[in-house]
């Protein structure tokens, strides 16, 4: 959920002082990156956002009651009252680490699901809950309690100066004005973390950016929003538009959006924090009590800089954690949707960890042979069309993304997982899932689109078909293995 704040609104004087602190923080951070000691690389982590559904699979707007019933600090609120988030503890990727992650996730989710049921809700892993309707985003109780959420909503709307326009062209067209940032709550994701040494970060970030297109094509699971079939991964465009602080005139002038792919390859961890301060005004300008607070290990806490970093929504975000012992640097991969199954989720993670490892250690980096704009174009094409997209790849040219994944990227991911010390059988378990998904071109988005089409052909109207499709999705999520094996109605 990000760090909580104590106020919902901020004065001009607070914003002025906050800007000065940001610059001071940035200078302190630059010096510390040059001389400080950081934790070693190799640890991975995962955050999983979940939807809450009623018995009829409509959104259950009661995450406070569900969290009280779950009674586990690993589960926290998200901005929407129909969302919660699971923060999985960090672990080592080597050996059986990925299999341990799968088993732990399944155990935690099963326990939480049983306790949520006592509060009259089911947990659903999907990028956007297909049964969500416009009136539910207009409900006065759509937002979770917490001043951070209210402050974020106020700051985005004040910066924009008008209602939020959602305008998405896909298989169908959706256009409306939202009076709050409630549409952002529809976007539920998986965030992958990998811990890196300072000298490893730039190449890892560049690698993550170049694979973002194939990564989202393989995992797409958000084709429906407000009863319209839009992009295969509608979350990508919806999230960008939902918290866009730019009025149309600002967009026309080329002002950067808060949800940002980026615009260049980087050479250091510091590049991204410097861009954040240079390009983006503060949304939550809350000041810490002391300017130069440090941990016992001597790492600067940098309250203002870290709070600001949490409001620049890069698809691959840099994380600096002062820690309780040694500080650490992490790459947070934020572009994946939740679901469809636990096995699919960990397979998606294996693809990311293995491929980033292999590409960042290559003697001739791929990003030296691809324009950054091409990586961005690949990303948007894959968000729109999923596994049906065509992308450009260095040394290959234009190629269907499903073919690129099977012929080129999965072998590289296998090499990367081997380099990370992942057991061969563990790696094969997840790479086989991904190979079959890409070969059949049935990811979560494709299953939802085809299931909806069949249900409507059988005579159900759109609303009833979406409810039935979501019910079948929920059943398969629990009982039918990876999504490429899910039968259609």
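The values are calculated or read from the model by the stated rules, or taken from the named source; none is laboratory data. Just so you know, these numbers come straight off a predicted model, no measurement behind them. In this analysis, Cβ positions are derived from the backbone assuming ideal geometry, glycine residues included, and neighbour counts consider all displayed protein chains.
Of all residues in the range 353-376, those being free of Cβ contacts under 8 Å to residues at least 40 places away in the same chain, closer than 30 Å to residue 234 by Cβ and either assigned to a loop (DSSP other than H, G, I, E, B) or touching a helix residue (DSSP H, G or I) at 6+ places or on another chain (Cβ under 8 Å) (or both) number 1. Of all residues in the range 159-189, those satisfying the criterion of being more than 22 Å from the chain's Cα centre (by Cα), in contact (Cβ under 8 Å) with a residue 12 or more places away in the chain, part of a strand (DSSP E or B) and closer than 23 Å to residue 448 by Cα are 173, 174. On the given criteria, is residue 419 in contact with a helix residue (DSSP H, G or I) (Cβ under 8 Å, 6 or more places away or on another chain), within 22 Å of residue 96 (Cβ to Cβ), touching a residue at least 12 places away in the same chain (Cβ under 8 Å) and surrounded by fewer than 16 Cβ atoms within 10 Å (Cβ to Cβ)? When the stated conditions are applied, residue 419 passes them. If only residues of the range 40-96 that are in contact with a helix residue (DSSP H, G or I) (Cβ under 8 Å, 6 or more places away or on another chain) and assigned to a helix (DSSP H, G or I) are counted, the one that is surrounded by the fewest Cβ atoms within 10 Å (Cβ to Cβ) is 69.
Each row is one residue, and each column tells you yes or no for (1) farther than 14 Å from residue 269 by Cβ; (2) touching a helix residue (DSSP H, G or I) at 6+ places or on another chain (Cβ under 6 Å).
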residue: 171; (1), (2): yes, no
residue: 174; (1), (2): yes, no
residue: 181; (1), (2): yes, yes
residue: 187; (1), (2): yes, yes
residue: 199; (1), (2): no, no
residue: 210; (1), (2): yes, yes
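Here residue 121 meets the list (1) within 29 Å of residue 380 (Cα to Cα); (2) in contact with a strand residue (DSSP E or B) (Cβ under 6 Å, 6 or more places away or on another chain) almost entirely, failing just condition (1). Restricted to the range 455-470, and to residues there that are more than 32 Å from the chain's Cα centre (by Cα) and free of Cβ contacts under 8 Å to residues at least 24 places away in the same chain, the residue that is nearest to residue 133 (Cα to Cα) is 460.
Has the range 254-269 got at least one residue that is assigned to a helix (DSSP H, G or I) and touching a residue at least 12 places away in the same chain (Cβ under 8 Å)? It would help to see each step written out before you state the result.
Start the filter on the range 254-269 by keeping residues that are assigned to a helix (DSSP H, G or I), which leaves 269.
Those still in the list that are touching a residue at least 12 places away in the same chain (Cβ under 8 Å) too: 269.
Yes, the conditions are met somewhere in the range 254-269.
Of all the listed residues (297, 350), the sole one being at pLDDT below 95 and either assigned to a helix (DSSP H, G or I) or surrounded by fewer than 16 Cβ atoms within 10 Å (Cβ to Cβ) (or both) is 297.
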